[in-house]
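Below is one structure, written out as structure tokens; the observations come after it.
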Amino acid sequence: MDAAPAGTVAGQGITEEELRLAARNHALPLEALRHPITPAGLHYLLIHYDIPDVDPATFRLEVGGAVERPLSLSLTELRARGRVAEPITFECAGNGRALLEPRPVSQPWLTEAVGTAEWAGAALRPLLDEAGPSAGAIEVLFTGLDRGVEGGVPQWYERSLPIADAELGLLAYEMNGAPLPPQHGFPLRLVVPGWYGMQNVKWLTRITVLEEPFTGFQNAVGYRLYGADAVPGEPVTRMQPRSLMVPPGVPDFMTRERHLEPAPVTLTGRAWSGHAQIERVEVSTDGGETFAAADLDAPLGPHAWRGWRFDWDAPPGEQVLRSRATDAAGNTQPLEPPWNLKGYANNAVERIQVVAGS
Ligand SMILES: Nc1nc2c(c(=O)[nH]1)N[C@H]1C(S)=C(S)[C@@H](COP(=O)(O)O)O[C@H]1N2
Ligand SMILES: [Mo]
């Protein structure tokens with residue numbers, strides 16, 4: 001094989017730098033897939049720089065740029081604008097990265113950088129309407145209070161979004177009925193249904209309406225699908241479909257291989273897509289040779305994952321279980337990982353190693 005592209009490694013375990021990132025940014029423990037709404041402390045976490053310490057008493061949200069009437073709002077003023085609450089699932093765009101070969105060197109996620117919280121706050125659309133975007137407005141930029149250096153570029157964490165998508169956003173000040181925890185963006189964050197997590201800017205302090213495409217780091221350099229030639233390609237936007245299973249039985253401490261009885265068991269899990277509702281989940285109990293349809297639970301909401309269940313009579317011995325989601329727009333999960341240089345949007349079908357009996 002040719003040498004691994006710069007920024008990737010082949011056939012090696014993770015580095016100390018990646019371990020440091022992984023220790024800060026935890027995934028969803030897979031058994032927590034049992035909860036339709038992820039308890040706040042079990043929701044996955046991704047923080048590029050440091051968690052800022054924000055004083056809610058002096059905090060303000062500024063809305064400006066190409067608008068007729070710039071706004072400056074305290075948290076109290078924002079809360080007075082009405083509260084909408086919705087269960088919303090989002091997933092880190094780098095989910096699945098550590099399963100690629102060669103492996104992009106970054107936060108080494110396996111499959112479980114996902115969560116569903118009930119996010120509540122002010123709808124963004126009325127606020128934008130009140131500010132009055134100019135006729136030439138095309139994008140909305142969201143800026144956080146956290147600062148760092150990435151790819152050699154000093155920056156505030158900020159991401160821009162086409163105005164039509166921005167209008168679907170929620171300015172959340174609550175997670176699961178309580179104020180946002182510091183690590184999830186206290187006191188205010190953006191949540192955009194359907195998009196990968198990077199768009200959900202935490203510690204949100206400024207909204208800027210733009211008449212030109214934003215060329216800042218997180219849109220132009222980060223969160224792009226690159227080939228091995230290191231040329232930035234398509235932007236990363238909406239979540240590709242994915243299904244995950246609640247691991248059955250009990251784990252081996254080190255390998256996480258699952259141990260269960262050779263007996264009937266109901267496999268359960270959750271599936272989501274940022275493009276359309278989940279229409280089908282199929283389960284394979286023979287390593288992926290054959291798939292059969294699982295039963296779907298009633299939807300939790302238009303922008304939340306969907307539960308599924310599948311009855312299986314576990315035969316004695318070792319098996320590989322897989323689950324595959326398809327959405328109503330016809331998007332389905334690939335069996336093999338789609339590779340790109342930064343390891344985004346790897347929604348390949350999961351593999352769970354189980355052994356029934358001793
Ligand atoms: N200000 C700010 N917002 C941010 C980030 C960040 O580092 N800083 N990380 C983004 C990324 S990459 C993801 S996947 C989600 C994670 O949100 P969570 O930690 O609440 O799960 O937040 C996004 N919003
Ligand atoms: Mo992310």
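We did not get these values from a lab; they are worked out from the coordinates using the rules stated. Quick caveat, the model's predicted, so the values are computed rather than measured. Here the Cβ positions follow ideal geometry from the backbone for every residue, glycine too, while neighbour counts run over all protein chains shown.
Restricting to the chain, compute how many DSSP beta bridges are antiparallel as a %, nearest 5. Show your work: numbers first, answer last.
Working: 72 of 79 bridges.
Just about 90 percent of them are antiparallel.
Choose one of VAL221, THR290, HIS184: the residue whose Cα lies farthest towards the positive end of the charge dipole of region 182-301 (beta-carbon charges +1 Lys, Arg; -1 Asp, Glu; about the Cα centre).
The one lying farthest along the dipole's positive direction is HIS184.
If you filter region 262-344 for GluC sites (Glu not before Pro), then keep DSSP loop positions with at most 14 other Cβ within 10 Å, what is left?
Numbers: sites: GLU279, GLU282, GLU289, GLU318; in loops: GLU289.
The qualifying sites are GLU289.
Please sort 73-80, 61-68, 50-57 by packing, taking for each peptide the average over its residues of neighbouring beta carbons within 10 angstrom, highest first. If you can, show how the numbers build up before the last one.
Numbers: 73-80: 14.9, 61-68: 17.0, 50-57: 12.8.
Per-residue Cβ counts within 10 Å, averaged per peptide and sorted highest first, yield 61-68, 73-80, 50-57.
Taking region 202-286, which chymotrypsin sites (Phe, Trp or Tyr not before Pro) meet the DSSP loop condition and have no more than 11 other C-beta atoms within 10 Å? Could the numbers behind the result be given before it?
Values: sites: TRP203, PHE214, PHE217, TYR223, TYR226, PHE253, TRP272; in loops: TRP203, PHE214, TYR223, PHE253.
Here the chymotrypsin sites (Phe, Trp or Tyr not before Pro) that fit, given the DSSP loop and packing criteria, are PHE253.
Work out Dmax and Rg for region 242-356 from the C-alpha atoms and quote the Rg first, both in angstrom.
Computed over the Cα atoms of region 242-356, radius of gyration and Dmax are 14.5, 43 Å.
Could you tell me the center-to-center distance, by alpha carbons, between region 100-116 and region 134-203 in angstrom?
Centre-to-centre distance over Cα atoms comes out at 21 Å.
May I ask you to order 176-184, 260-268 by the average number of other C-beta atoms within 10 Å around their residues, highest value first? Walk me through the numbers before you get to the answer.
Values: 176-184: 16.3, 260-268: 14.6.
Per-residue Cβ counts within 10 Å, averaged per peptide and sorted highest first, yield 176-184, 260-268.
Return the calculated 222 nm mean residue ellipticity for the chain, to the nearest 500 deg cm²/dmol, obtained by summing -39500 (n - 2.57) across DSSP H runs with n ≥ 4 and dividing by the residue count.
On the way: 5 runs with 30 residues, N = 358.
Result for the chain: -2000 deg cm²/dmol, rounded to the nearest 500.
When the chain is modelled as a GNM with alpha-carbon springs shorter than 10 Å, which of GLU174, GLU18, GLU86 fluctuates the most?
For the chain, modelled as a Gaussian network with Cα springs under 10 Å, the answer is GLU18.
Around GLU17, under 15 Å between beta carbons, what's the net of Lys plus Arg minus Asp minus Glu among the other residues?
On the way: positive: ARG20, ARG24, ARG97, ARG103; negative: GLU16, GLU18, GLU150.
So the environment of GLU17 carries a net charge of +1.
What is the sum of charges around ALA328, taking Lys and Arg as +1, Asp and Glu as -1, for the other residues whose C-beta is under 10 Å from the C-beta of ALA328? Intermediate values should be presented prior to the final figure.
Working: positive: ARG280; negative: GLU279, ASP327.
Result for the local shell: -1.
If each of ALA23 and ASP295 carries a label point 7 Å out from its Cα toward its Cβ, how far apart are those two points in nm?
About 4.6 nm, to one decimal.
If the elastic network links every pair of Cα atoms under 10 Å, which of GLY148, GLY41, GLY11 fluctuates the most in the Gaussian network model of the chain?
So, out of GLY148, GLY41, GLY11, the one fluctuating most is GLY11.
How would you classify region 16-235 from its alpha-carbon gyration tensor, with a ≥ b ≥ c the square roots of the eigenvalues: rounded for a/c under 1.5, else prolate if a/b is greater than b/c, otherwise oblate?
Oblate is the answer for region 16-235, as a/c is 1.5 or above yet b/c matches or exceeds a/b.
So how do 189-195, 152-158, 325-331 stack up, highest first, on mean other-Cβ count within 10 Å? If you can, show how the numbers build up before the last one.
Details: 189-195: 23.4, 152-158: 15.3, 325-331: 17.6.
Ranked from most to least packed, the peptides come out as 189-195, 325-331, 152-158.
Rounded, prolate or oblate: which one fits region 140-220, using the alpha carbon gyration tensor with axes a ≥ b ≥ c (rounded when a/c is under 1.5, else prolate when a/b beats b/c, else oblate)?
Details: a/c = 2.10, a/b = 1.26, b/c = 1.67.
Oblate is the answer for region 140-220, as a/c is 1.5 or above yet b/c matches or exceeds a/b.
If you add up the charges near ALA293, with Lys and Arg at +1 and Asp and Glu at -1, over every other residue whose beta carbon is less than 10 angstrom from its beta carbon, what do you get? Numbers along the way, then the final one.
On the way: positive: ARG280; negative: GLU282, ASP295.
In short, -1.
So, in Å, what gap is there between the alpha-carbon centers of region 262-306 and region 48-70?
Taking the Cα centre of each part, region 262-306 and region 48-70 sit 39 Å apart.
How much of the pair distance distribution for region 89-139 lies past 14 Å, counting alpha-carbon pairs only, in percent? Walk me through the numbers on the way to the answer.
Numbers: 877 of 1275 pairs.
In whole percent, the long-distance tail amounts to 69.
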